[in-house]
Amino acid sequence: MKNILVTGISRGIGKATAQLLVKQGYFVYGIYNTEKEEAEKLKNQLKNLEIFQCDFSNRKNTEALVQTLRKVRFSGIVNSAGVVILMNFNSFDVKEWEKTFEINLIAPLLLVQGLKENLEEEASIVNISSTDGLTGGITGIAYSASKAALINLTQSLANILASKKIRVNAIAPGWIGDGMQASQEVLKEAALFNPLGRVGAYEEIAHTVNFLLSEKSGYINGTTLIVDGGESSTTYLLRKEAGL
């Protein structure tokens, strides 16, 4: 049975990914932070799931987790844990900027770097970025910048780990699920500007992760797959505004 490390399994994309991968026959090592009850509930539901708590905003916690996991051989890592902290550009707290980068960028780097010797040949790493990392943001500038950096890190890791035939790819979701706990009004607005007329489902990202972990994507490396229903298509938005 192949082992997969999945971060952020207590909710959202991470939870849906853990559920799907266990169903596909993987054993999942899942990482959560504060939502212990949700993580334990998921563990009770899924036979082949082991859970660990880690606060990725704390560097020592991340390093301790790496030491704990060094006894395990992995065929894949899914860096799904993330945080978005909205901030006013004129008055934002640099500590919140640093926390965002610690969780969204440095933690995935430390996990891959620390566990690289535990990865099987032809293993696959999937980083969950965001379309915000392609376009920038207004109030979520730290989030957008960290996700852009994660895309670049994905490309670098793909080059570095290629000698071991380890593939590294990213997924850039658009609006998915509850949009990291966005209001219903915001989600309805997001759906209006999407060619498919809706936001995506967590399960749709999980299926994309499953594809990138599998041998079916064996020649995809250093790539960021945009999964947003066509939202980032400028042509569509222009046609919509023109009433075409």
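The values are calculated or read from the model by the stated rules, or taken from the named source; none is laboratory data. Keep in mind that this is a model prediction, so the values were computed, not measured. Cβ placement follows ideal geometry from the backbone for every residue including glycine, while neighbour counts extend to all protein chains displayed. What goes into the accessible areas is simple: the full protein's heavy atoms, side chains included, and nothing from ligands, DNA or RNA. Shrake-Rupley method; radii C 1.70, N 1.55, O 1.52, S 1.80 Å.
Annotations for the structure displayed:
- A residue that is open to solvent by less than 20 Å² (accessible area, probe 1.4 Å) and either touching a Pro at 6+ places or on another chain (Cβ under 6 Å) or at pLDDT below 95 (or both) occurs somewhere in region 72-89.
- Which numbered condition Tyr32 fails, given (1) aromatic (Phe, Trp, Tyr); (2) open to solvent by 40 Å² or more (accessible area, probe 1.4 Å); (3) free of Cβ contacts under 8 Å to residues at least 40 places away in the same chain: (2)
- Residue in region 213-244 that is surrounded by the most Cβ atoms within 10 Å (Cβ to Cβ), counting only those that are among the β-branched types (Val, Ile, Thr) and modelled with pLDDT under 85: Thr235
- All conditions but one from (1) in contact with a Phe, Trp or Tyr (Cβ under 8 Å, 6 or more places away or on another chain); (2) outside any strand (DSSP E or B) apply to Phe52; the one that does not is (2).
- Selection count where residues are touching a residue at least 40 places away in the same chain (Cβ under 8 Å), open to solvent by less than 60 Å² (accessible area, probe 1.4 Å) and part of a loop (DSSP other than H, G, I, E, B), scope region 2-25: 2
- Residues of region 180-212 satisfying the condition of being open to solvent by 20 Å² or more (accessible area, probe 1.4 Å), within 27 Å of Ser124 (Cβ to Cβ) and either touching a residue at least 12 places away in the same chain (Cβ under 8 Å) or assigned to a loop (DSSP other than H, G, I, E, B) (or both): Met180, Val199, Ala201, Tyr202, Glu203, Glu204, His207, Thr208, Asn210
- Residue, surrounded by the fewest Cβ atoms within 10 Å (Cβ to Cβ), within region 158-172, restricted to residues that are within 18 Å of Phe74 (Cβ to Cβ) and in contact with a Gly (Cβ under 8 Å, 6 or more places away or on another chain): Ala158
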